[in-house]
Structures are given as C-alpha cells and as structure tokens.
Amino acid sequence: MEDVENLQQAEAVFSTARARMFGIAYRMMGSVSEAEDIVQEVWIRWQTYDRSTVRNPHAFLTTMTTRLAINALQSARVRRETYVGPWLPEPVDTSGDPALGAERGEALEVAVLMLLEKLTPTQRAAYVLREAFDYPYEQIAEVIGQTQANVRQLVSRARKLLAAEKRASVPAADHERFLTAFLAAAKTGNVTALEELFAQDVISYSDGGGAVRASKFPVTGRHRVARYVHAFADRFWTGVTVEPAQANGRPAMRLSRDGELFAVVTVSVTTDGIDRVLWMMNPSKLAAATNPGTPH
C-alpha cells in the first residue's frame, strides 16, 4: 500500500511539472515527438529513482529533462545532416496551451527555433532556460553542470548569435493580415500580389522530409519565390480546405484535402514584408497540428 501511495505521489509531482518539462524539451529539440519521448523517459527514471534523496523535485525533473535533451540533440544533429530537403521544426498547436508551460513565449516561434539550430546543445539549453523560463544563472549552472560565469557566457553568446540574424517581427494582427493575403495570392498564383507582400530577400522553405513532394532546396528572392508559388498554384490548391490555426504562438494555416491535413503553412513577417514562407508537409511532423488542443 505504501508503494502505491509513493507512486501516486510521484505521479502527482510529475504531472505538475509536465508542462514545463515539455516546454523545455520542445524548445530544445524543435520536435513534438522527440520532446514527448524525453518527457516519457524522465517519467520512467523518476518512477525508479530514490525520490527520498530529492530535496527539490521540480528542479530535479528540470535537470533531468534538460540533460536528456542535450544528449538527444547531439544525436539528432547527425540525423538532420542527412535529412532530405530543408529541416523545419515540428509545428505545435498553441491555442490550448499558449506558452507551453513557459512564463513567456520566447524561443517558440518557428523562425526562432530555426535560428536556435545554429547554437550548440549546451548553448541552446542555457538560452532556453534563461530566456523562456527565466531561471537564475545559479540554477542553470547546476542544471547543465557549468560554472555561473560559463553560463553567463553561453547565454551572452547565444543572444549575440541570434541578434545578428533575428529580425523584429510585427504584431500578431499584422502577421495574420499578411498570412491571409499571402494565401489568397498563392491560390490564384498572382505573381504581382505575391511580390508586393514579400521582402526583397524572402526565403521559402518546404519540409517534406522525402515523404512527400516538396522542394529539396530553399527558394530565395522576391521574384523567384513568387514564380515558384505561381508554378504549382493550379494543381496544389485543387480541393484544398484552408483553416486558420495557432502554430508556435503565431497565426498559421492548416491545409486539408478530403479531410486529411497535409500541410501547415506559416510566414515570418518583418516591417519589410514576409521574409520567410514555411511549408511544413512531412506527414510525421503534422500529428501535433492534427488535433488542436490535445494535451501533451
């Protein structure tokens, strides 16, 4: 009976920490499925751990999640090097859980997650814990096994790397307006309308992962991206149902055909216009966007 009660208590503690663990793991991995695998592994270890030795369960679970994510990210990088076509983060519906257990939505937008790929796993961990979850440097140092001075340096370098490439995004209402206008122009293949929406250096990424037909290389430049979208407009949009969604804290569009979700499309918008068009089409990455509001 005592064992049952102990396990129930362990489960209760784990449940209260689960959203945050998922939020950390997802930002680290850029993948819902890989983040859920990490959270599940933490649960398995938590059940069998000598919990009587743990003074702060939430800190312990955060540490375990982060360290597993650092290890997983190191092996994931090898897999992503051989990925067919551009690799995009797996979109996650955020309408039911807007910040995925975080105090703020930092390091959640798809465009930012793409930039985080340029950081080392340890840099990424330090940045996520500091910027998304506001952990003090002292605690981050304990989590990743570094000195406070090293952690401050890791976060500082990560900020500088991101600041060099991260662009100021527009308010959500403007973002949604640009996305809606883009979809309308894309459906008709209106090159002029598309070019007016795009920034000069716009890039279109299509993630099919080799499972579906998609461009294996990014398409760059206002005119080239407009012509690219125009080229497949007549066949791509036939019988397609478009519905608005929230992906990674930003407006997105879910594309379905015959009741089957086959793509999530979102854009990154700056004051110069749309600078990134992101087509998430790999079927294995659409599960988290298929059932909006599904708890993790």
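The values are calculated or read from the model by the stated rules, or taken from the named source; none is laboratory data. Fair warning: this is a prediction, and the values are worked out from it, not measured in the lab. Don't worry about glycine lacking a Cβ; one is built from the backbone with ideal geometry, like all the others, and counts go over all protein chains shown. All accessible areas refer to the heavy atoms of the entire protein, side chains included, with ligands and DNA or RNA removed. Shrake-Rupley method; radii C 1.70, N 1.55, O 1.52, S 1.80 Å.
Observations on the structure shown:
- Pairs, first without any contact (Cβ under 8 Å) to a residue 24 or more places away in the chain in segment 120-144, second surrounded by fewer than 21 Cβ atoms within 10 Å (Cβ to Cβ) and part of a helix (DSSP H, G or I), C-beta under 8 Å, six or more apart: TYR137/GLN148; TYR137/ARG152; TYR137/VAL155; GLU138/GLN148; ILE140/VAL155; ALA141/GLN148; ALA141/ASN150
- None of GLU109, GLU117 is touching a residue at least 24 places away in the same chain (Cβ under 8 Å), touching a strand residue (DSSP E or B) at 6+ places or on another chain (Cβ under 6 Å) and not aliphatic (A, V, I, L, M) except GLU109.
- Taken over segment 9-34, the criterion of being among the aliphatic types (A, V, I, L, M) and within 19 Å of ARG45 (Cα to Cα) is satisfied by ALA10, ALA12, VAL13, ALA17, ALA19, MET21, ILE24, ALA25.
- Residues (over 17 Å from GLU165 (Cα atoms), of a type outside the set (Ser, Thr, Tyr), at pLDDT below 90 and surrounded by 19 or more Cβ atoms within 10 Å (Cβ to Cβ)) located in segment 93-141: ASP93, LEU100, ALA102
- Selection from segment 37-57 of residues that are closer than 23 Å to MET280 by Cα and surrounded by 17 or more Cβ atoms within 10 Å (Cβ to Cβ): ILE38
- Residues (polar (S, T, N, Q) and open to solvent by 10 Å² or more (accessible area, probe 1.4 Å)) located in segment 229-265: THR238, THR241, GLN246, SER256
- Counting residues in segment 99-111 that are assigned to a helix (DSSP H, G or I) and not aromatic (Phe, Trp, Tyr) gives one or more.
- Of all residues in segment 169-179 being more than 18 Å from the chain's Cα centre (by Cα) and touching a residue at least 24 places away in the same chain (Cβ under 8 Å), the one that is most open to solvent (accessible area, probe 1.4 Å): GLU176
- The one condition in (1) assigned to a helix (DSSP H, G or I); (2) of a type in the set (Asp, Glu); (3) surrounded by 14 or more Cβ atoms within 10 Å (Cβ to Cβ) that GLU90 fails to fulfil: (1)
- Within segment 205-254, tally of residues that are among the aromatic types (Phe, Trp, Tyr) and either more than 16 Å from PHE182 (Cβ to Cβ) or touching an Asp or Glu at 6+ places or on another chain (Cβ under 8 Å) (or both): 1
- Some residue of segment 58-75 being under 19 Å from LEU115 (Cα atoms), open to solvent by 30 Å² or more (accessible area, probe 1.4 Å), free of Cβ contacts under 8 Å to residues at least 12 places away in the same chain and outside any helix (DSSP H, G or I): no
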